[in-house]
Amino acid sequence: MRIISICPSNTELMEYLGLTDLLVAVDDFSDWPNAIANLPRLGPDLSIDMDLLEKLKPDLVLASLSVPGMEKNVEKLRERGIPHIVLNPQSLTDIEQDLIITADALNVHERGIEAAKLFRSRLEAVKEIGSIMAEKPKLYWEWWPKPIFTPGKINWLTEISEAAGASNVFADVELASVQTDWEDVLHRQPDFICLAWVGVRKKKVQKSVVIKRDGFEKLTNIDDSRILILEEELYCRPSPRLLDGLEKLVKLIH
């Protein structure tokens with residue numbers, strides 16, 4: 001089959017299924033695994049070149065609604081009658097199910113079942129470690145610095161925090177993504193600050209942006225070692241690679 005992925009999380013899901021060799025093109029932001037490096041690029045995930053996509057004659061396109069604005073890609077696929085499925089994972093359980101859904105769409109049902117089992121077993125193994133930790137640190141996740149955006153309760157990073165034996169300080173807000181202000185962060189007194197700015201490579205994130213904010217000294221539990229600069233690709237994309245991020249997080253906070 002000729003498969004096209006038009007967002008990074010779907011590309012990564014294909015690798016987790018062991019089906020990367022079926023991909024014939026991807027979006028510009030797909031950067032993992034290395035095996036996709038020489039594939040044709042179809043533009044940013046919010047603005048896919050549908051003419052080029054159609055010329056490649058895919059048997060199936062893996063579309064997504066994980067980022068606002070992606071719905072226009074889905075509309076264009078429908079208008080052109082291009083075979084596709086749409087994934088919209090909001091939780092770790094959704095990601096587990098998407099492995100099965102995608103495998104079924106590719107007529108390899110058993111592969112999806114096995115991948116989902118592996119995903120679940122890795123997650124449960126970390127949860128077991130997290131559950132026996134005596135201290136449960138409070139984490140402030142920052143997705144964007146200005147204005148400040150952070151994940152709320154309905155988000156995989158709240159699940160990731162809990163699985164790691166910690167908590168998300170904004171888990172009381174019934175949203176997937178919360179726009180807030182620095183005063184609110186100060187009030188919640190986190191034990192760690194986790195910087196994972198969407199679309200920004202780790203090497204370009206500076207702790208000084210946070211340290212220079214008014215009132216930083218009010219964070220009595222935070223010093224330089226407790227400001228973590230994390231790979232956004234391991235925490236901000238709803239793909240099975242979140243488990244890599246989770247396993248890394250446990251070591252960093254405990």
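Throughout, read-outs are computed from the coordinates displayed, never taken from laboratory work. Here the structure is a predicted model, which means the values were calculated and not measured. Note: ideal-geometry Cβ built from the backbone for every residue, glycine included; neighbour counts use all protein chains shown.
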Next item on the list: Please list, in chain and number order, the residues 5+ apart from Arg2 or on another chain whose amide H is under 5 Å from its amide H, with Hs placed from the backbone.
Entry: Asp59, Leu60
Next item on the list: Per residue, how big is the convex hull around the C-alpha atoms of segment 98-145? Give it to me in cubic angstrom, could you?
Entry: 87 Å³
Check: Using modelled backbone amide H atoms (1.01 Å from N, in-plane), which distant-in-sequence or interchain residues come within less than 5 Å of Ile154's amide H?
Finding: Leu175, Ala176
Note to self: I'm spelling it out carefully: the read-out is Cα extents along the principal axes in Å, the candidates are (1) 51, 40, 32; (2) 58, 36, 32; (3) 92, 43, 33, and one was derived from this structure. Which label?
What the structure shows: (2)
Margin query: Checking the cross-link filter: which lysines have an alpha carbon closer than 23 Å to that of Lys203, excluding same-chain neighbours under 8 positions apart?
Written below: Lys146, Lys212, Lys248, Lys251
Next item on the list: Compute the Rg/Rh shape ratio of segment 138-253: radius of gyration over Kirkwood radius, all on alpha-carbon atoms.
Entry: 0.92
Item checked: Spatially proximal aspartates and glutamates relative to Lys136 (Cα-Cα < 12 Å; intrachain offsets below 8 disregarded) -> Glu162, Asp191
Check: Spin-label point model (7 Å from Cα, Cβ direction): what's the Arg80 to Gln179 distance in nm?
Finding: 3.3 nm
Notebook entry, point to check: Tell me, what ³J(HN,Hα) does each residue in segment 46-63 have, in order and in whole Hz, if you take phi through Karplus 6.51 cos²θ - 1.76 cosθ + 1.60 with θ = phi - 60° and put x for Gly and Pro?
Noted result: 9, 8, 6, 6, 5, 5, 5, 4, 5, 5, 7, 6, x, 7, 7, 10, 8, 9
Checklist line | Amide H partners (placed H, <5 Å) of Leu228, local residues excluded | finding: Ile193, Cys194, Leu195
Margin query: Taking 35 Å as R0, compute the FRET efficiency from the Cβ-Cβ separation of Ser225 and Trp144 and round it to 0.05.
Written below: 0.90
Next item on the list: Would you please classify the overall shape of segment 73-207 from the alpha carbon gyration tensor, given that a ≥ b ≥ c denote the square roots of the eigenvalues, rounded means a/c under 1.5, and beyond that prolate means a/b larger than b/c while oblate covers the rest?
Entry: oblate
Check: Which residue fluctuates the most in the chain, going by a Gaussian network model with Cα springs under 10 Å, if the choices are Glu231, Glu128, Glu15?
Finding: Glu128
Notebook entry, point to check: Per-residue HN-Hα couplings for segment 178-183, Karplus 6.51 cos²θ - 1.76 cosθ + 1.60 at θ = phi - 60°, whole Hz, x for Gly and Pro?
Noted result: 10, 8, 9, 9, 5, 4
Notebook entry, point to check: Over the Cα atoms of segment 54-141, what is the Rg over Rh ratio if Rh follows Kirkwood?
Noted result: 1.13
Next item on the list: Please state, as a whole number in µm²/s, the translational diffusion coefficient that the Stokes-Einstein equation yields for segment 1-60 at 37 °C and 0.692 mPa s, with Rh defined as the Kirkwood radius across alpha carbon pairs.
Entry: 294 µm²/s
Notebook entry, point to check: Does segment 185-245 classify as rounded, prolate or oblate by the C-alpha gyration tensor (a ≥ b ≥ c root eigenvalues; a/c under 1.5 gives rounded; else a/b over b/c gives prolate, otherwise oblate)?
Noted result: prolate
Item checked: Linear extension gain, Glu71 paired with Glu54, 0.36 nm per residue minus alpha-carbon span -> 4.4 nm
